[in-house]
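Q: Sharing a structure below in structure tokens format, with a few things to ask.
Every number in this text was worked out from the coordinates using simple rules, so none of it is lab data. The shown structure was predicted, so the numbers you read here are calculated from the model rather than taken from an experiment. Here the Cβ is made from the backbone with ideal geometry for all residues, glycine too, and neighbour counts use every protein chain on show.
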């Protein structure tokens, strides 16, 4: 997850920190990062008996850390991943296959009586499901903890919030285990925070002005830094064989131009550069700079940063790579009944003017495309969508009875 070996490479610029440094400030939390860490403690239960009490220990882990922040007067803002990015589909599929294989091996090893080895496989197999995220959301709501469901990558949403002032809903730092936040240009990141609040802090502005252990980013701007990360390989684009973080740094530091670096790679016979690599590189860089995010204040989608003309040329009008718009949402794909309930809610709970407003803002919808509205229920009408998740079956039965009553009256 993230840029391979980036944190190890950037170690000279990462310093110890305690969360109390951010007392009185808002700090973003990469929800799935803590969910994954919490799930490790109950991975066997999640894989073998997900409805058991032991399989909910990930919630205790998560809320312990939330309460730790609140104890130190830090305001937590939890951000969940949303839909899958098209350019990440290959990575997601590969991870899914690896998890399935690990699950099979874990069950076989457990049957053989080797519990310790089985747990290692289960930790690799465990998957954060929509129902797990939803159970956590219920707890966050009851505890009045602020949370946001990103339209796509939580990393992009967190980076966007970090770019805002506090009075605009911004955050002072992000807690995560994902080095992609560095590539997104997040201003302050806390990695490896333990149960006592100690972690490791990366500050972007400080890094770009500092020379340490022979490494200097003083000639880098944010775009060059992100370009270095993309060259090193990421979830959206694998690196050219033979190019890692160290080599990517050397190339960017030497040429100080992404165009020159790409041209040099093509001419260097030591590297086998795919024909479509340059185009894919610029598209990936566009994702890190201009991914679609959710603006809580305006209740609308926008780009992480205003889209630049050069990227419009590289994207050739295909802005879906930044997050399809309107888009299919997979956060609750396992709860398919919500789609039909949302259709009923659209008919029974909204006036015609409300429906028209949603269609005007997010694109025309019809019965075949009603699933496109589900993410907007999560962000624009979050309380309503969560009510659907809790009471969906009851609502459906009530609507069906009402339709039957109306039908009998007509007859």
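Q: Binning every alpha carbon pair distance of region 41-120 at 5 Å from zero, what are the percents per bin?
A: 3, 12, 13, 14, 17, 17, 13, 7, 3, 0
Q: Residue separation times 0.36 nm, minus the C-alpha to C-alpha distance between residue 216 and residue 124: what's the value?
A: On the way: separation 92, 0.36 × 92 = 33.12 nm, distance 3.64 nm.
Full-extension gain reported as 29.5 nm.
Q: Where the centroid of each part is defined by its Cα atoms, how far is region 79-123 from region 251-324 in Å?
A: The two parts, judged by their Cα centres, are 30 Å apart.
Q: For residue 194 and residue 273, compute 0.36 nm times the residue count separating them, minus their Cα-Cα distance, and round to one decimal in nm.
A: Numbers: separation 79, 0.36 × 79 = 28.44 nm, distance 4.08 nm.
Stretched out fully, the residue 194 to residue 273 stretch lengthens by 24.4 nm.
Q: Based on alpha-carbon atoms only, what is the radius of gyration of region 185-239 relative to the globular estimate 2.2 N^0.38 Å?
A: Values: Rg = 13.5 Å, N = 55, 2.2 N^0.38 = 10.1 Å.
That works out to 1.33 for region 185-239.
Q: Regarding region 211-289, what are the three Cα extents along the principal axes, ordered largest first, in Å?
A: Principal axes ranked by extent give 36, 29, 20 Å for the Cα atoms.
Q: Would you work out if region 6-207 is rounded, prolate or oblate? Take a ≥ b ≥ c from the square roots of the eigenvalues of the alpha-carbon gyration tensor; rounded if a/c is under 1.5, else prolate when a/b is larger than b/c, oblate otherwise.
A: Numbers: a/c = 1.76, a/b = 1.57, b/c = 1.12.
It comes out prolate by the Cα gyration axes.
Q: What area, in nm² and to one decimal, does the C-alpha convex hull of region 1-77 cast on average over all directions?
A: Working: hull surface 26.2 nm².
Taking a quarter of the hull surface, the average projection is 6.6 nm².
Q: Could you compute the FRET efficiency for residue 70 and residue 310, with r as their C-beta to C-beta distance and R0 at 45 Å, rounded to 0.05?
A: On the way: r = 44 Å, r/R0 = 0.97.
FRET efficiency, residue 70 to residue 310: 0.55.
Q: Next question, about the same structure. Give the share of C-alpha pairs in each 5 angstrom bin for region 274-313, from 0 to the last occupied bin, in whole percents, shortest bins first.
A: Computed distribution, short to long bins: 6, 23, 24, 18, 13, 9, 4, 2, 1.
Q: Can you list, largest first and rounded to whole Å, the semi-axes you get for region 154-260 by taking the square root of 5 times each eigenvalue of its Cα gyration tensor? Don't jump to the answer; show the numbers that get you there.
A: Working: eigenvalues 127, 46, 45 Å².
Three semi-axes, in Å: 25, 15, 15.
Q: Residue 147 to residue 100: extension gain in nm, 0.36 nm per residue of separation minus the Cα-Cα distance?
A: Numbers: separation 47, 0.36 × 47 = 16.92 nm, distance 3.01 nm.
Stretched fully, the residue 147-residue 100 segment lengthens by 13.9 nm.
Q: Can I ask one more? Where in region 132-152 does the label zone of residue 53 land, with the point 7 angstrom along Cα→C-beta and an amide N cut-off under 15 Å?
A: No residue passes the distance filter.
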